[in-house]
1. Taking only pairs six or more apart or across chains, which ones have beta-carbon atoms under 6 Å, a first residue in region 20-39 that is surrounded by 10 or more Cβ atoms within 10 Å (Cβ to Cβ), and a second residue that is part of a helix (DSSP H, G or I)?
2. Which residue out of R38, R15 is outside any helix (DSSP H, G or I), among the basic types (K, R) and modelled with pLDDT under 90?
Amino acid sequence: MNSDKETSSTPAKRRPPVRLIVVGVLALLSLVLVLQNRETVDTKIFFATISMPRAVLLAVTFLLGVVVGLLVPFLRKRAS
């Protein structure tokens, strides 16, 4: 009796999921960004001066942009 499935003694080659590859590439790029921006910079915020590594400043700025980008559509929908 033959079945529709092929049986083979060699294992099938599996490709890694695309999501895993994208996350790996983003993690590698993030690591490069941090390693290239370790020097300390002075940032003036209103009347205070804060010293921090440039990579931290970039991360904080990025996260603030993400938060604002997520809040704007929510606030527009709420206002109308």
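The values are calculated or read from the model by the stated rules, or taken from the named source; none is laboratory data. Computed from a predicted structure; not experimentally measured. Every residue, glycine as well, gets a Cβ built from its backbone with ideal geometry; the counts of neighbours run over all protein chains shown.
1. V34/A55; N37/R54; N37/A55
2. Numbers: R38 fails: modelled with pLDDT under 90.
Step by step, each of R38, R15 is checked, and only R15 is outside any helix (DSSP H, G or I), among the basic types (K, R) and modelled with pLDDT under 90.
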